1. Residues being within 9 Å of another protein chain (Cβ to nearest Cβ), within 14 Å of B:Arg95 (Cα to Cα) and either free of Cβ contacts under 8 Å to residues at least 40 places away in the same chain or surrounded by fewer than 23 Cβ atoms within 10 Å (Cβ to Cβ) (or both): count how many of those fall in region B:31-49.
2. Name the single residue, out of those in region A:7-29 being farther than 21 Å from A:Lys60 by Cα and among the polar types (S, T, N, Q), that is surrounded by the most Cβ atoms within 10 Å (Cβ to Cβ).
3. Tell me which of these A:Arg109 doesn't satisfy, since it passes every other one: (1) charged (D, E, K, R); (2) over 13 Å from the mean Cα position of the chain (by Cα); (3) closer than 21 Å to B:Met40 by Cβ.
4. What number goes with the only condition from (1) surrounded by 15 or more Cβ atoms within 10 Å (Cβ to Cβ); (2) more than 9 Å from every other protein chain (Cβ to nearest Cβ); (3) touching a residue at least 24 places away in the same chain (Cβ under 8 Å) that B:Asn52 does not pass?
5. Let me confirm something: among B:Lys68, B:Lys24, which residue is in contact with a strand residue (DSSP E or B) (Cβ under 9 Å, 6 or more places away or on another chain), among the charged types (D, E, K, R) and surrounded by 16 or more Cβ atoms within 10 Å (Cβ to Cβ)?
6. Please list, ordered by residue number, the strands (runs of 3 or more DSSP E) wholly in region A:23-63 having 1 or more residues that are touching a strand residue (DSSP E or B) at 6+ places or on another chain (Cβ under 7 Å) and closer than 27 Å to B:Arg9 by Cα.
7. Just to be sure I understand, how many residues within region A:65-88 are touching a residue at least 60 places away in the same chain (Cβ under 8 Å) and closer than 19 Å to A:Asp55 by Cβ?
8. Checking B:Gly99 against (1) modelled with pLDDT under 95; (2) in a strand (DSSP E or B), only one condition comes out false. Which one?
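The values are calculated or read from the model by the stated rules, or taken from the named source; none is laboratory data. In this text the structure is predicted, and so the values were computed from the model without any measurement. Quick reminder, even Gly has a Cβ in these numbers, built from the backbone with ideal geometry, and neighbours come from all protein chains shown.
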Amino acid sequence: GDSVTQMEGPVTLSEEAFLTINCTYTATGYPSLFWYVQYPGEGLQLLLKATKADDKGSNKGFEATYRKETTSFHLEKGSVQVSDSAVYFCALSDPTSGTYKYIFGTGTRLKVLA
Amino acid sequence: DAGVIQSPRHEVTEMGQEVTLRCKPISGHNSLFWYRQTMMRGLELLIYFNNNVPIDDSGMPEDRFSAKMPNASFSTLKIQPSEPRDSAVYFCASRTQTGGNYGYTFGSGTRLTVV
């Protein structure tokens with residue numbers, strides 16, 4: 001079945017460092033891919049999305065490119081801030097499968113130090 | 001738009017008691033999902049509804065768990081009887097059904113503690 005694999009956390013960075021959180025997926029169809037962010041004590045929020053190969057999603061300085069050839073959707077940010085400390089989830093949804101549920105990765109905790 | 005509204009935000013109950021969690025999805029969203037989040041198991045999909053009809057409840061852990069969606073603006077997740085291992089954060093999420101390109105909107109969750 002479909003699945004999402006994220007890099008293990010936690011990831012600890014200094015402020016203004018470059019961030020990469022790896023995400024790879026397995027899907028039989030043509031999924032849409034998402035990154036969600038969860039701040040402490042809150043629900044998950046959609047950060048960005050990409051719906052087809054080579055699409056780049058971006059938001060709040062974060063970006064991720066849908067790479068079909070490597071089945072990846074890595075999250076990047078050029079300069080992280082303390083306020084980016086959160087848990088990040090990669091997810092996929094495959095509308096061609098006939099279901100409406102999303103598959104989430106296990107989450108990667110990011111801690112940014114001042 | 002007030003977003004997805006869950007209540008209560010926190011619930012502490014004794015083992016064996018019945019617990020009811022509530023969710024109001026975003027108006028116009030016709031898919032609703034219940035998730036459970038724990039440190040050990042991460043984010044687990046329990047059940048989801050399309051147009052108020054349960055589609056997949058394979059994630060419901062056991063018969064003690066039940067969920068209903070009597071109308072498009074309200075859903076409940078009930079645990080009876082509750083056990084300490086049910087302690088978790090329970091999230092409700094909603095989205096439009098049309099296509100797979102739309103993200104979920106999550107509620108703020110209900111933190112359940114069973115003692």
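1. Selection size over region B:31-49: 2.
2. A:Thr24
3. (2)
4. Among (1) surrounded by 15 or more Cβ atoms within 10 Å (Cβ to Cβ); (2) more than 9 Å from every other protein chain (Cβ to nearest Cβ); (3) touching a residue at least 24 places away in the same chain (Cβ under 8 Å), the lone unmet condition for B:Asn52 is (3).
5. Being in contact with a strand residue (DSSP E or B) (Cβ under 9 Å, 6 or more places away or on another chain), among the charged types (D, E, K, R) and surrounded by 16 or more Cβ atoms within 10 Å (Cβ to Cβ) holds for just one of B:Lys68, B:Lys24, which is B:Lys24.
6. A:32-38, A:44-50
7. Counting residues in region A:65-88 that are touching a residue at least 60 places away in the same chain (Cβ under 8 Å) and closer than 19 Å to A:Asp55 by Cβ gives 1.
8. For B:Gly99, the exception is condition (2).
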